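Reviewing the structure listed below.
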Amino acid sequence: MESPYRPGFGVRPAVFVGRERVLARASAELTRVANSGHAAPAVTLFTGPRGLGKTVTLDAIAVEAQRRGFVPCWIPLDSVSDNVQLLAARVAEAVAPLGARSGGAWDAFRRRLASLSLEVNAGIIKITSGPDAAGRPDRTASRQALGDVLVKAAQIAVGHRQTGVAVFIDEFQEAPHNQLVVLCNAIQDVLTSQTMPPIVFFAAGLPNTPDKVMAAASFTERFNFRTLDRLDRDDAERALIEPCIPLGVTWDADAADAVLGEAAGSPYLIQKLGEEAWLVAEPIPGAAITRAHAEAAIVQVREDLDAGMFRGRWAKATPVDRALLIAMAQVADAEGTARTSDITRLTGKSTPQLSHTRKSLIDKGIIETVAKGQWRFTMPGFADYVLRQAEAAS
Ligand SMILES: Nc1ncnc2c1ncn2[C@@H]1O[C@H](COP(=O)(O)OP(=O)(O)OP(=O)(O)O)[C@@H](O)[C@H]1O
Ligand SMILES: [Mg+2]
C-alpha cells in the first residue's frame, strides 16, 4: 500500500492537526472582511522555523478563503526576482478570469499593470521588460502602482459578486530589503486607503521575518505576528497515527512513543519518520507498525538528516557560531532547549557578548529563542549532531 505520509515542504498532510486556534482566528478575520466589505486592519504573519507547517497553514486558510468567495492569490517571495512585479502578476492572474466582463474597471487595472511592465492577454501575464530595463518606475511609483493594482483587483472581485481578494505571501523573509520597503508600503497604502477595498493578507516567514519587515517599514510593528509552535503531544500523536487508520494499519504504543519522542513535535519529522516506518513495515491491512520498525526508521532518518540538513547547517556555521552551538548542545535538554544562564556559565561570556553570534544563528534558522532566557535548536536532533561533530574534531 502507498504511504499515507507526506514528508516534504508545502505538501498538504493527510491529517492536519493542532492549528485549530490559528485557523479560527484566520476565519474570524475573513468573516470581518466579508461582513464589512472593507480591508482587514493588518497583515497576519506566521513565523516559525523550517518544517513547522507555515506553508500548509497558509494553504488551509486559502482553501477556507476560497470557500467563502474570496479570490485567492498565492505568491512565494524569493531573493532573485522583482517581487513587486511578481506580486502584481500573481494578483492579475488571480482576477484575470473575471476580467473580460469587467469593462472600465478592467481597463484601468490593465493600465496600472502596464506601469509595472506587465501585460495581460487572454488570461496570460507577460512581463514586458525586466526589472533593470529602462522605463521601470522608481520606488515611489512602484509602491503606488502595486497599491492600485491590489485595490482595483478587489474592486473587480466585488464587481463579480466575489467577497474580495485574499493574498497569501509565503517566504516573506526572502525579498531583498529595498523590495520589502515597497511591498510593505504598498500593502499599508491598501489597508489604509480611502476606498477600503475588501482585501486580506496572510503571510509566512522564518523567525527573523519580523526583524526584517520592521527594518523595512516601522508601521509593520502593527502586523499580527503569530508564532507557529511545535505540535503538543496529543496533536503529534494524531498526526502520526490517524493517517493509517483508514488503511487498516495501527501503531503499537511503544512504536508511536519512540517516534514521537524523536520528532519532538516537529510536523516535518513526524511525516518523515512516519513515512520511513511505513516503508520499513510495508504493512498490509490489519498489520501493525512495531517498535522494531520505528527504531529502524529513526536510524534511517538520522542518517538522512546527518547527510543533508544537519550537514548543511553545520557547513553554514562559522567557527564562532560552532563554538556557541557546541556549548548549547552540551547544556540542552532532550528537546534541544538550553538555558542562557547555563550557556553563559559554560562559555564564561555574558549574554550581550553572545548576542551577535546568537543573532547570526537565528538568521541562519539554526536556533530560536523560545522563552525569556531559553534558546532552542530549531530542528530536534541537531544538538546530538553538534556533539558528535565536536567529538570527531577533538
Ligand atoms: N499541522 C500539521 N499537521 C500535520 N502535518 C503537518 C502540519 N503542518 C505541517 N505538516 C507537515 O510538515 C511538513 C512541513 O510543512 P510546511 O512545508 O508547511 O512547513 P514550513 O513551515 O512551510 O517549512 P519551510 O519554512 O521550510 O517552508 C509537511 O510534510 C507537512 O505535510
Ligand atoms: Mg514553507
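What follows is calculated from the coordinates using simple rules that are stated; it is not laboratory data. From a predicted model like this one, the values you see are computed outputs, not experimental measurements. Quick reminder, even Gly has a Cβ in these numbers, built from the backbone with ideal geometry, and neighbours come from all protein chains shown.
Of the peptides 181-188, 354-361, 290-297, the order by per-residue mean of other Cβ atoms within 10 Å, starting with the highest, comes out as 181-188, 290-297, 354-361.
Taking a Cβ cut-off of under 12 Å around Glu2, the surrounding Lys, Arg, Asp and Glu residues balance to a net charge of -1, with basic ones at +1 and acidic ones at -1.
Per DSSP helix of 4 or more residues, -39500 (n - 2.57); summed, then divided by the residues of the chain. What does that give at 222 nm, rounded to the nearest 500? Don't skip to the answer; put the middle values down first.
Values: 16 runs with 205 residues, N = 394.
Helix contribution divided over all residues of the chain: -16500 deg cm²/dmol.
Projected label points at Arg222 and Val80, each 7 Å from Cα along the beta carbon direction, are separated by 3.7 nanometres.
Order the peptides 339-350, 208-219 from the highest to the lowest mean number of other Cβ atoms within 10 Å of their residues.
Values: 339-350: 14.8, 208-219: 17.2.
The packing order, highest mean first, is 208-219, 339-350.
From the largest down, the chain spans 68, 57, 36 angstrom on the principal axes of its Cα atoms. Normalised by the number of residues in the chain, what is the relative contact order in percent for Cα pairs under 8 Å and 6+ residues apart? So the answer I get is 19 percent. For the residue pairs Lys272/Lys316; Lys272/Lys364; Lys152/Lys212; Lys126/Lys316, alpha carbon separations beyond 30 Å are given by Lys126/Lys316.
Please work out the C-alpha center-to-center distance from segment 290-346 to segment 160-208 and express it in whole Å. Their Cα centres are 36 Å away from one another.
Net charge of the neighbourhood of Ala236, taken over other residues with C-beta under 14 Å away and scored Lys/Arg +1, Asp/Glu -1, is -4.
Just the projected area, averaged over all directions, of the convex hull on the alpha carbon atoms of segment 233-313: how many nm²?
Working: hull surface 19.4 nm².
In nm², the orientation-averaged hull projection of segment 233-313 is 4.9.
Calculate, for Met196 and Ala14, the FRET efficiency according to 1/(1 + (r/R0)^6) with r their C-beta to C-beta distance and R0 41 Å; round to the nearest 0.05. Working from the Cβ atoms, E equals 0.55. Here's the picture: a label point sits 7 Å out from the Cα of Ala392 along the beta-carbon direction, and within segment 332-361 nothing has its amide nitrogen under 11 Å of it.
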